[in-house]
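Engineer: My questions will all concern the structure given below.
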Amino acid sequence: MQSIEFPQPKADKEAHSERMRLRAFLENEVRAGSFDPLMSSWTTFDRDFSRKLGAAGFIGVSLPCEFGGGGKSFSVRHAIMEELLAAGAPVGAHWMAERQSAMQIVHYGSASAKNELLPRIIAGTCYFGIGVSEPNAGSDLAAARTSARKVDGGWLLNGSKIWTTNGNKTDYLLVLARTSAKAEQRHEGFTQFIVDMQSPGVEVRPIYDLNNDAEFAEEVFINCFVPDDYVLGEIDKGWGVVLSELVFERSGPDRLLTSFQLLQALETRLSLSGNGHDAESEIGRMIAHLATLRRMSMGVSSLIEAKQPASLQAALVKDLGAVFEREVPELARDLVSVSLARGATIDSFTNAVTQGIMRAPSWSIRGGAREILRGMIARELGLR
Ligand SMILES: Cc1cc2nc3c(=O)[nH]c(=O)nc-3n(C[C@H](O)[C@H](O)[C@H](O)COP(=O)(O)OP(=O)(O)OC[C@H]3O[C@@H](n4cnc5c(N)ncnc54)[C@H](O)[C@@H]3O)c2cc1C
């Protein structure tokens, strides 16, 4: 059986100093009442906050300097992501753009797409969504039926995407579409496109959940024109492009730290109530688990920076991270007597536990469902 390497990240002084600079920035923001750490997360869409973060130089720190990025190491990028997540900052507006879309544009985008979009992403003023899932193509992405047909100067897109996080608020979507129907292998013949959500032929339909929140949207494309400059990578080679994007999506600290504020609040609450001693071993177990996951996630970051394959490691981080993140709200409910409730008149802790219990089941589905990830891990280890 193949062994799995998670390289030790190198010590990076700049990562530490940037982390401290960001921590001070976030403390000021919390003091100024710009967000409630227990009530927001990396899917909370707040344009003003993203703009402030961009203006302070905390977005795109590893992107090339020629587009306004910081040109710094992935360790700095990782430290900044961790700090934002640990603080419960409302980074959902720019998160997908910074986490994965910008990287894809750097590697696969045209010169004009880079010049047009990267400076805006880095400024925190341009927001992207992920357009891969379709009504009948989630785990089995190769079943995607959205198609693009070549026309003069670009492509005509037809089809639909679904479950797009913040899809009714983003400016652009990275869309996976079939460009060749005759591919012998079903994974061939796809291409990724940058789609401007304001283009004629795009209809966005918010999806309301049981709480009447519209975290997701469905997008329908009817003869939507996409210029050639908005093609990512080579025509018909989109499968490799989307797989490289999934590594960014699956391995980051957002797969471990969604519930971090709640874990911290739980620990504080138990200490204050005098129940801390009984629960110490449970909290200690969770923190030890988190430390291991953190080390693994940093290892993936090092692999990506060294341009090494990382899909197996990323799948492991995503799967184990989801197990951890789901356990935190359950633990909070077990250790503290909470009557689940949500709303403006309910305290932040109860709101956060309730929110966590309601949302946690979806965390092992987003970014690739558990069974799929485990199948992939088994295959890469030569076990199936
Ligand atoms: C919170 C959240 C955010 C999301 N955000 C986005 C987004 O921004 N953009 C986007 O494109 N998509 C997004 N998605 C969609 C997500 O990627 C899909 O839901 C996911 O890939 C599963 O696809 P599906 O819903 O079609 O379920 P299916 O693929 O139908 O799977 C249903 C169940 O069957 C299991 N299953 C399927 N095939 C197999 C198999 N071969 N072997 C064993 N078990 C199997 C799955 O593991 C799952 O448990 C999001 C989903 C969630 C929950």
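Engineer: For region 204-231, name all the residues that are away from the ligand (no atom under 15 Å from the Cβ) and at pLDDT 95 or above.
Structural biologist: I222, N223, C224, F225, V226, P227, D228, D229, Y230, V231 - these are the residues of region 204-231 that are away from the ligand (no atom under 15 Å from the Cβ) and at pLDDT 95 or above.
Engineer: If we keep just the residues of region 116-133 that are touching a Phe, Trp or Tyr at 6+ places or on another chain (Cβ under 9 Å) and assigned to a helix (DSSP H, G or I), which is nearest to the ligand (Cβ to nearest atom)?
Structural biologist: For region 116-133, the residue satisfying everything is I121.
Engineer: Inspect region 344-363 for any residue being under 16 Å from L316 (Cα atoms), surrounded by 14 or more Cβ atoms within 10 Å (Cβ to Cβ) and within 13 Å of the ligand (Cβ to nearest atom) and give the result as yes or no.
Structural biologist: Checking region 344-363: at least one residue is under 16 Å from L316 (Cα atoms), surrounded by 14 or more Cβ atoms within 10 Å (Cβ to Cβ) and within 13 Å of the ligand (Cβ to nearest atom).
Engineer: Criterion first (more than 23 Å from L117 (Cα to Cα), outside the structural domain of L84 (by TED's automatic domain parsing), in contact (Cβ under 8 Å) with a residue 24 or more places away in the chain and surrounded by fewer than 23 Cβ atoms within 10 Å (Cβ to Cβ)) does F260 satisfy it?
Structural biologist: Answer is yes for this residue.
Engineer: List the number of the failed condition for L210; all other conditions in (1) under 24 Å from the mean Cα position of the chain (by Cα); (2) assigned to a strand (DSSP E or B) hold.
Structural biologist: The failed condition is (2).
Engineer: Going by what's in this entry, would P9 be described as modelled with pLDDT under 95 and either touching a Lys or Arg at 6+ places or on another chain (Cβ under 9 Å) or not assigned by TED's automatic domain parsing to the domain that holds M296 (or both)?
Structural biologist: So P9 passes the test.
Engineer: If you scan region 163-196, which residues turn out to be among the aliphatic types (A, V, I, L, M), within 15 Å of the ligand (Cβ to nearest atom) and surrounded by fewer than 21 Cβ atoms within 10 Å (Cβ to Cβ)?
Structural biologist: none
Engineer: Of (1) in contact (Cβ under 8 Å) with a residue 40 or more places away in the chain; (2) assigned by TED's automatic domain parsing to the domain that holds V202; (3) assigned to a loop (DSSP other than H, G, I, E, B), R145 satisfies all except one. Which?
Structural biologist: Checking R145 against (1) in contact (Cβ under 8 Å) with a residue 40 or more places away in the chain; (2) assigned by TED's automatic domain parsing to the domain that holds V202; (3) assigned to a loop (DSSP other than H, G, I, E, B), the one that fails is (1).
Engineer: Something else about it: Within region 237-285, restricting attention to residues that are among the basic types (K, R) and under 30 Å from V132 (Cβ atoms), which residue is modelled with the highest pLDDT?
Structural biologist: Within region 237-285, the match that is modelled with the highest pLDDT is K237.
Engineer: Here's another thing I want to ask about it. Give me the residue from region 366-383 that is in a loop (DSSP other than H, G, I, E, B) and within 11 Å of the ligand (Cβ to nearest atom) and, out of that set, surrounded by the fewest Cβ atoms within 10 Å (Cβ to Cβ).
Structural biologist: Within region 366-383, the match that is surrounded by the fewest Cβ atoms within 10 Å (Cβ to Cβ) is A369.
Engineer: When you check N136 against the structure, is it in contact with a helix residue (DSSP H, G or I) (Cβ under 7 Å, 6 or more places away or on another chain), within 12 Å of the ligand (Cβ to nearest atom) and at pLDDT below 95, yes or no?
Structural biologist: Criteria met by N136.
Engineer: Moving on to the next point. Would you mind telling me which numbered condition in (1) part of a strand (DSSP E or B); (2) at negative phi; (3) in contact with a Leu (Cβ under 6 Å, 6 or more places away or on another chain) Q261 fails?
Structural biologist: Against the list (1) part of a strand (DSSP E or B); (2) at negative phi; (3) in contact with a Leu (Cβ under 6 Å, 6 or more places away or on another chain), Q261 comes up short only on (1).
Engineer: Exactly one of (1) of a type outside the set (A, V, I, L, M); (2) touching a helix residue (DSSP H, G or I) at 6+ places or on another chain (Cβ under 6 Å); (3) farther than 15 Å from G233 by Cβ is unmet by E116. Its number?
Structural biologist: (2)
Engineer: Checking the conditions here, which among Q198, Q192 is part of a loop (DSSP other than H, G, I, E, B) and within 30 Å of A111 (Cα to Cα)?
Structural biologist: Residue meeting the stated conditions: Q198.
Engineer: So is E98 within 16 Å of the ligand (Cβ to nearest atom), closer than 27 Å to R23 by Cβ and acidic (D, E) or not?
Structural biologist: Criteria met by E98.
Engineer: Using beta carbons and a limit of 9 Å, which pairs, at least six apart or on different chains, have the first residue in region 121-140 and free of Cβ contacts under 8 Å to residues at least 40 places away in the same chain and the second one within 6 Å of the ligand (Cβ to nearest atom) and assigned to a helix (DSSP H, G or I)?
Structural biologist: Partner pairs satisfying both residue conditions: D140/I372.
Engineer: With the requirement that a residue be of a type in the set (K, R) and over 24 Å from A265 (Cα atoms), what does region 286-317 give you?
Structural biologist: Hit for region 286-317 is K307, nothing else.
Engineer: In this structure, is S160 in contact (Cβ under 8 Å) with a residue 60 or more places away in the chain, part of a strand (DSSP E or B) and either of a type outside the set (A, V, I, L, M, F, W, C) or assigned by TED's automatic domain parsing to the domain that holds S362 (or both)?
Structural biologist: Yes.
The values are calculated or read from the model by the stated rules, or taken from the named source; none is laboratory data. All values reported here derive from a predicted model rather than from experimental measurement. FYI the Cβ positions are ideal-geometry reconstructions off the backbone, even for glycines, and counts take in every protein chain you see.
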